[in-house]
1. Check the range 139-158 and report whether any residue there is outside any loop (DSSP other than H, G, I, E, B), touching a residue at least 40 places away in the same chain (Cβ under 8 Å) and over 20 Å from the mean Cα position of the chain (by Cα).
2. I'd like to check something: does the range 265-279 contain any residue that is at positive phi and part of a helix (DSSP H, G or I)?
3. Is at least one residue of the range 182-201 modelled with pLDDT under 85 and either more than 24 Å from residue 135 (Cβ to Cβ) or over 25 Å from the mean Cα position of the chain (by Cα) (or both)?
4. Could you tell me which numbered condition residue 419 fails, if it satisfies all but one of (1) under 30 Å from residue 51 (Cα atoms); (2) at pLDDT below 80?
5. Could you please find all residues in the range 105-138 being at pLDDT 85 or above and out of contact with any helix residue (DSSP H, G or I) (no Cβ under 9 Å at 6 or more places or on another chain)?
6. In the set 224, 266, 213, 217, which member is modelled with pLDDT under 90 and either within 29 Å of the chain's Cα centre (by Cα) or under 30 Å from residue 325 (Cβ atoms) (or both)?
7. Being assigned to a helix (DSSP H, G or I), farther than 16 Å from residue 440 by Cβ and over 24 Å from the mean Cα position of the chain (by Cα) is the filter here, so list the residues in the range 318-355 that pass it.
């Protein structure tokens with residue numbers, strides 16, 4: 001008899017995805033602080049892309065492997081995906097605590113490799129977890145719940161340094177012996193607590209369904225083929241060869257959108273430092289202000305992300321995931337193209353601050369609205385388009401392979417930016433941000449050519 005999964009209520013879906021909050025808090029700390037940490041340790045602008053190589057390479061290697069292994073894993077006590085969430089969160093927490101103590105570029109880069117590896121171990125099975133637990137008509141809610149926690153986690157990660165300074169807990173000028181601000185250390189420590197704490201809540205409150213008879217039979221046949229290394233390699237190879245058409249059509253869109261986002265994360269601090277504070281000197285107060293502003297802006301686009309995540313659910317039902325993704329990427333691209341024309345002096349409105357003077361919201365924050373909508377869609381719509389087109393007994397390996405098409409564009413961005421694109425753009429970070437905006441719009445147009453075919457109805 002085929003097991004029919006029940007529909008889950010809102011809070012069950014909330015709890016199962018809560019671990020995504022801590023994972024994304026960790027990613028948020030990286031996005032807003034790693035370029036600045038590298039520069040505090042002596043890196044120059046041209047070397048930044050190569051120093052970010054850890055993320056793409058670890059994701060490229062680890063995600064399909066973890067996906068394939070988790071497909072063939074089942075323990076009545078620990079489950080199928082949950083052990084990977086927990087292992088990744090523990091290692092991630094250790095790396096987060098150690099990162100601000102980096103005494104050299106090689107140490108910071110090495111810790112980023114460890115941090116990205118552990119985040120990928122935790123995050124990759126989470127995509128399959130949604131498809132495992134939810135019926136097909138709840139996939140939108142499940143993946144958009146992950147968008148919500150992505151936005152919330154990264155928002156708090158980005159704002160944490162500024163909040164610590166605003167509360168007067170640390171002075172803006174307090175530095176550690178390696179030149180890294182003290183508030184950066186405490187932000188990373190808070191991130192470590194968030195990573196392990198949120199994952200534990202998901203692990204302890206959510207039970208996984210046992211594999212169906214069909215899935216158990218597949219597992220049994222796979223184990224008869226050889227050891228775990230051989231089986232994993234064979235699963236990945238076979239999945240590549242039998243990749244569904246929908247998945248193949250998603251690849252070009254993924255290339256342009258993730259190339260764009262890596263350009264943004266690498267060069268937004270330098271762009272703001274030059275365009276708003278008129279300096280490229282990492283030792284200047286202007287650069288430190290640009291770092292804090294980066295956190296505030298990234299926090300803002302992630303506030304928009306978690307605010308609109310649930311609003312995208314009915315919109316996706318009405319115009320489809322493709323339509324939502326096209327509109328969202330277009331808005332994000334236009335936002336990035338506008339950055340050089342915005343500033344931090346023309347005030348749009350003020351927000352009441354109970355701890356001191358009111359917070360000024362200037363025109364530079366406008367781009368965050370478009371990018372936030374884009375980010376909410378990027379964290380959910382491609383996975384919704386994919387989930388129904390892949391065989392349910394191989395969700396882990398297919399989600400892992402699909403995530404490779406996030407990290408491959410990042411790796412290509414690093415190599416091309418390092419060796420010729422940065423030079424072609426006049427060695428100007430502002431032009432890199434313009435390129436990112438253009439690529440998001442190209443990704444939006446490519447979304448319109450995707451044809452969705454569903455083979456999973458439960």
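The values are calculated or read from the model by the stated rules, or taken from the named source; none is laboratory data. If you're wondering where the values come from, they're calculated on a predicted model, not measured in any experiment. Using ideal geometry, Cβ is built from the backbone for each residue, glycine included, and neighbour counts are taken over all protein chains shown.
1. No: zero hits.
2. No, the conditions are met nowhere in the range 265-279.
3. no
4. (2)
5. Within the range 105-138, just 106 meets the criteria.
6. So the residue among 224, 266, 213, 217 that is modelled with pLDDT under 90 and either within 29 Å of the chain's Cα centre (by Cα) or under 30 Å from residue 325 (Cβ atoms) (or both) is 266.
7. 318, 319, 341
Residue by residue, here is whether (1) surrounded by fewer than 24 Cβ atoms within 10 Å (Cβ to Cβ); (2) in contact with a strand residue (DSSP E or B) (Cβ under 6 Å, 6 or more places away or on another chain); (3) at pLDDT below 80 holds:
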site	(1), (2), (3)
282	no, no, yes
285	yes, no, no
293	yes, no, no
298	no, no, no
323	yes, no, no
330	yes, no, no
337	yes, no, no
376	no, no, no
